Amino acid sequence: MKCTKDERRQELLKTASEVILEYGIQKTTLDDIARRAGMAKTSLYYYFKEKDEIVRAIIRNVMEDLLASMRQAAEAGDTSEEKLCGLIEARYRYIATASSRATKEILQEFRSFSGLYARDLEYYQRVQRGMIEDIFRQGIGRGELRPVGDIELLALIIFSAMIGIDWTFTFDEQRERILEGLKQHMEIFFAGLRK
């Protein structure tokens with residue numbers, strides 16, 4: 001059965017992810033990706049114009065998967081606290097799984113290149129903050145939480161704290177302890193917001 005162009009493109013992105021996780025962004029060449037995919041480099045150009053397009057597409061796929069996992073976890077909760085704790089736990093479990101496939105050096109390289117992909121990352125950060133804002137708006141709307149003066153600021157602060165913990169969570173051996181600490185932090189936080 002023949003693959004569609006989009007299906008083949010997704011297969012190539014999976015192959016490219018493997019190569020990039022092995023060699024790093026900077027060292028990976030289009031030749032490396034084409035070779036691993038069993039095709040000529042010129043054939044790779046049918047799907048991607050340059051390596052930067054491949055890296056951006058990989059980032060988009062990873063972020064879309066992460067968002068789907070976070071949405072599913074948030075939707076499973078009944079209360080605002082359960083929704084936010086589920087969202088946070090899903091985010092960190094996803095990060096733990098994804099980061100376990102790469103060396104610290106490769107992850108640091110991705111981090112150092114984040115400026116090149118800032119627009120893409122900013123978009124996904126806005127979406128995640130929006131998910132947090134929605135949880136608070138719904139909780140306030142249901143009368144579960146007391147009104148808050150600036151929901152956007154509150155979501156920004158919580159999301160910024162999450163971003164700050166990313167690197168620690170990625171490399172610390174005590175991930176479950178960190179996750180438990182985050183849950184305790186949320187319990188204290190929500191105790192002050194409940195009506």
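The values are calculated or read from the model by the stated rules, or taken from the named source; none is laboratory data. Since we're looking at a predicted model, the values are computed, not measured. Here the Cβ is made from the backbone with ideal geometry for all residues, glycine too, and neighbour counts use every protein chain on show.
Applying the criterion of being out of contact with any Cys (no Cβ under 8 Å at 6 or more places or on another chain) and surrounded by fewer than 18 Cβ atoms within 10 Å (Cβ to Cβ) to the residues of the range 72-81, the residue that is nearest to PHE110 (Cα to Cα) is GLN72. On inspection, ALA96 fails the criterion of being in a helix (DSSP H, G or I) and in contact with a Leu (Cβ under 6 Å, 6 or more places away or on another chain). Within the range 143-170, being over 16 Å from ARG91 (Cβ atoms), touching a residue at least 12 places away in the same chain (Cβ under 8 Å) and either among the polar types (S, T, N, Q) or loosely packed, with under 11 Cβ neighbours inside 10 Å (or both) holds for one residue alone: GLY143. When the residues of the range 142-154 are narrowed to those that are out of contact with any Phe, Trp or Tyr (no Cβ under 7 Å at 6 or more places or on another chain) and not basic (Lys, Arg), which ends up modelled with the lowest pLDDT? Out of the qualifying residues, it is GLY149. Of everything in the range 118-166 that's of a type in the set (Gly, Ala, Ser) and over 17 Å from the mean Cα position of the chain (by Cα), which residue is farthest from ALA68 (Cα to Cα)? Among residues in the range 118-166 that are of a type in the set (Gly, Ala, Ser) and over 17 Å from the mean Cα position of the chain (by Cα), the one farthest from ALA68 (Cα to Cα) is GLY149. Those residues that are assigned to a helix (DSSP H, G or I), over 29 Å from SER17 (Cα atoms), touching a Lys or Arg at 6+ places or on another chain (Cβ under 8 Å) and among the acidic types (Asp, Glu), I need them from the range 102-156; list them, please. Matches in the range 102-156: GLU152 only.
Scanning the range 96-113 for residues being exposed (fewer than 12 other Cβ atoms within 10 Å of the Cβ) and within 20 Å of MET162 (Cα to Cα) gives a total of 4. Scanning the range 161-172 for residues that are over 16 Å from ASP134 (Cβ atoms), in contact with a helix residue (DSSP H, G or I) (Cβ under 9 Å, 6 or more places away or on another chain) and part of a helix (DSSP H, G or I) yields ALA161, ILE163, ILE165, ASP166, TRP167, THR168, PHE169, THR170, PHE171.
Every residue, every condition in (1) among the acidic types (Asp, Glu); (2) surrounded by 15 or more Cβ atoms within 10 Å (Cβ to Cβ); (3) free of Cβ contacts under 8 Å to residues at least 60 places away in the same chain; (4) touching a strand residue (DSSP E or B) at 6+ places or on another chain (Cβ under 9 Å), yes or no:
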{"site": "SER17", "(1), (2), (3), (4)": "no, yes, yes, no"}
{"site": "ALA37", "(1), (2), (3), (4)": "no, yes, yes, no"}
{"site": "TYR46", "(1), (2), (3), (4)": "no, no, yes, no"}
{"site": "ASP52", "(1), (2), (3), (4)": "yes, no, no, no"}
{"site": "LEU66", "(1), (2), (3), (4)": "no, yes, yes, no"}
{"site": "MET70", "(1), (2), (3), (4)": "no, yes, no, no"}
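Yes/no matrix, rows are residues, columns are (1) closer than 23 Å to LEU145 by Cα; (2) modelled with pLDDT of 85 or more:
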residue: LEU84; (1), (2): yes, yes
residue: ARG93; (1), (2): no, yes
residue: LEU107; (1), (2): no, no
residue: PHE113; (1), (2): no, no
residue: MET131; (1), (2): yes, yes
